[in-house]
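Read the structure below first, then the notes.
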Amino acid sequence: MATPSIIGQKNKKGQVYTDPWYMLHEAPRTPSFFTGSEVIKEAIRRASVDVMIAYPITPQSEAAALIGELFAEGYVGDYFRGESEFAVMSECAGAAFGGARVFTTTAGPGTMRAMENFPMWAGSRLPIQMIVTCRGINSPLSIQPDTLEMAYLLQTGMLVWHAETAQDFYDWILKGYMVAEEPDVHLPLALCCDGFFVTHTKDMVELTPADMCLPPYDPYRSPVPCMDMECPPVRMMRDPFVMKSNYISYATHASWQQEVWAAVERSRKHTIAWLDGLIDAENVESDVVIVASGTAVSQGREAVAMLADEGIDVGLVKVKTIRPWPGEEIREATKHAKHIVIPEFNIIGWLAREVKATIPNNERVHAGPHVAGGMTMPPEIIVGEIKSLLGMKVETLATRGS
Amino acid sequence: MIKRRLNIRMSGLGGQGAVTAAHVLAMAAAKDGKYAISNPFFGAEKRMAPAESYCRIGVYRIYDRGELVYPDVIEVFHPQVITMGKSYTMPFYSGIKENGLVIINSEVPLLSDEDVKRLKDLNVAVFYIPGTQIALEIAGTELSTNMTMIGSVAGITKCVSLQALDLALQERFGKKFVASGGTATLDEAIKKKFAKKEMLLKKNLETVTRAYNIAAEWAEKNNVELCVAEASA
């Protein structure tokens, strides 16, 4: 007997479980002027989330509080506050092991504190979604946007996406579950944005109907049995085959790590379909191409427009996913470029490092401009660096105005 | 001067509602059919500490966000922004564009001779408005000072209409609003000052309108013409 589809049925709030592709690509949209935090709430309203675990840290606290409102309204199965970010991420693992669709949000020092859990999530194949609203992590304290923490997430085995705008956030939260929960992927997703620039910024966002929601998570689509600490079939702590010092345990562990990274690679095809490619490339026939992710893309767009007003033609590549890494796409998009300019909101330039490791003739990469610790990147700075690269005279920015 | 985009920097102190002002202004611009984006910039939320917010309004899609380094308009919500340097930049008008506008909430002039000269060299108009006095007089609370700052910039630049401001205020104060703890506390404080929510909305709009009219009259008298192109342009 065929299993009846849940599509078309209603949840307890009266929302209709809707085919996700229809909901996100064809359903009518309503423009709304919202902050990024409000947009996170609206996406979760439609995401059939079973468990959300919260812990306050700026700039994600507002979103976490708003999802508490959703729980009060009955849109989220369970919601509670953990004891710390480490506890939150561990509790998220517990909920996901138990078969729940799990959501959480964190930022900066919170991400760092919880770090031990992320490779554990990936290794346990838990499709948890974590919003990372990037902020400064170093001392002296900063609560302002700085994307350094993303560099630490890149080797965890998680999927790592970098949203530019609140619109990306809205769509990618919903699409993120669709990709992460595929049986051949089944990995956690760190959906990152630059804090404040997205979370606290009001922008126009097109929302899908509030009476449509994603079908619930189906834990039977998990490709691995639940890894319980004490009970068969795995008994990780009681019967720890991977904790013995012998060749089989090493080989098991190594092959499992390979499998996790293979799953990241397998997410590529689903991500390309849902996000319409891992990158967006515009005007890349130009001599100068900006490659950026997150807010740096927005600032890059403004710089491209300002340079166009002066008759200078510049291309733009928006990198949407950092894991999986769109190496092939970036090689193709930058093949004509003489100068590849990579503006970043962090001091180390991790995006530039990734690009340099990917493309031929990487001396074409200009790593910068960089701002850090919460500084803004006015498009004028990008314009200035590009003009300098082209050997043009640049007005000193500091002398303007005052 | 008709601009395709107007960049407004609001420099205030924590608790004055500069963040709310930028959001309300941007919401109103969106209701007028313009493109707008607004964001705040502050450290740990603290009353009387410097707090800035930014509102960009234009006739095309705006991507730029973050601190507004080169504003067309600067609004000073509190004299201490100038007198005690409670500003993110020194001087507070750093980066202002030529032919720009500075709006200051003060009954008395606050600028030094040097400041006056430098702003004059850039052809920047300076408008003083006793915003806190107007707020106390009409709304009966200084918490409505931000309404006078919204009214001032709208009155001079016509960047948003009064009708749109009315709608934006209803959206912001007419329903439950969840933001930070500090914002929630201030929301509660101002609601307690009015018997009914309708009264809060009415008084806020009256405060906006009074400032709008004063500012519009000043702009006309002094030939200050700084505005955003119409949405259809």
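Remarks
- Residue count for the stretch B:76-124 satisfying the condition of being within 14 Å of chain A (Cβ to nearest Cβ) and loosely packed, with under 12 Cβ neighbours inside 10 Å: 7.
- Condition met for A:ALA54 (within 19 Å of A:ALA114 (Cβ to Cβ), buried (at least 19 other Cβ atoms within 10 Å of the Cβ) and either in contact (Cβ under 8 Å) with a residue 24 or more places away in the chain or in the same structural domain as A:ILE131 (by TED's automatic domain parsing) (or both)): yes
- For the stretch A:139-176, taking the residues that are out of contact with any Lys or Arg (no Cβ under 7 Å at 6 or more places or on another chain), hydrophobic (A, V, I, L, M, F, W, C) and not in a helix (DSSP H, G or I), the one that is nearest to A:TRP350 (Cα to Cα) is identified as A:ALA163.
- For the stretch A:162-214, filtered to residues that are within 23 Å of A:ARG301 (Cα to Cα) and in contact with an Asp or Glu (Cβ under 7 Å, 6 or more places away or on another chain), the residue that is farthest from the other protein chains (Cβ to nearest Cβ) is A:TYR170.
- For the residues A:ASN138, A:ASN117, the requirement of being more than 29 Å from B:ILE62 (Cα to Cα), at pLDDT below 95 and not acidic (Asp, Glu) singles out A:ASN138.
- Filtering A:VAL205, A:VAL198 for residues that are touching a Ser or Thr at 6+ places or on another chain (Cβ under 8 Å), in contact (Cβ under 8 Å) with a residue 24 or more places away in the chain and not in a loop (DSSP other than H, G, I, E, B) leaves a single hit, A:VAL205.
- Per the conditions (1) surrounded by fewer than 21 Cβ atoms within 10 Å (Cβ to Cβ); (2) in contact (Cβ under 8 Å) with a residue 40 or more places away in the chain; (3) under 22 Å from the mean Cα position of the chain (by Cα), the sole criterion not satisfied by A:PHE86 is (2).
- Near pairs, Cβ below 7 angstrom, 6+ apart or cross-chain, from the stretch A:163-177 (at pLDDT 95 or above) to any residue that is assigned to a helix (DSSP H, G or I) and among the hydroxyl-bearing types (Ser, Thr, Tyr): A:GLU164/A:THR295; A:GLU164/A:SER298; A:THR165/A:SER298
- Test set (1) over 14 Å from the mean Cα position of the chain (by Cα); (2) closer than 19 Å to B:ALA154 by Cα; (3) of a type in the set (Phe, Trp, Tyr) - B:PHE42 fails condition number: (2)
- The residue pairs whose first member lies in the stretch A:359-377 and is in contact (Cβ under 8 Å) with a residue 40 or more places away in the chain, whose second member is assigned to a loop (DSSP other than H, G, I, E, B) and polar (S, T, N, Q), and whose beta carbons are closer than 8 Å, counting only pairs six or more residues apart or on different chains, are A:ALA372/A:ASN346; A:GLY373/A:ASN138; A:GLY373/A:SER142; A:GLY373/A:GLN144; A:GLY374/A:SER142; A:GLY374/A:GLN144; A:MET375/A:GLN144.
- If you go through the stretch B:152-167 and keep only what is more than 12 Å from B:PHE127 (Cβ to Cβ) and surrounded by 24 or more Cβ atoms within 10 Å (Cβ to Cβ), you end up with B:ALA154, B:CYS159, B:VAL160, B:LEU165.
- Taken together, the residues in the stretch A:136-160 that are within 14 Å of chain B (Cβ to nearest Cβ) and over 11 Å from A:CYS192 (Cβ atoms) amount to 7.
- Within the stretch A:368-382, the set of residues being more than 8 Å from chain B (Cβ to nearest Cβ) and outside any loop (DSSP other than H, G, I, E, B) comprises A:GLY368, A:PRO369, A:HIS370, A:ILE381, A:ILE382.
- Strands (runs of 3 or more DSSP E) within the stretch B:1-74 that include 3 or more residues under 26 Å from A:GLY136 (Cβ atoms) and either away from chain A (no Cβ under 11 Å) or at pLDDT 95 or above (or both): B:5-13, B:50-58
The values are calculated or read from the model by the stated rules, or taken from the named source; none is laboratory data. Please read these numbers as outputs of a predicted model, since none were measured by experiment. Because the Cβ atoms are built from the backbone with ideal geometry, glycine has one as well, and the counts that use them run over all protein chains shown.
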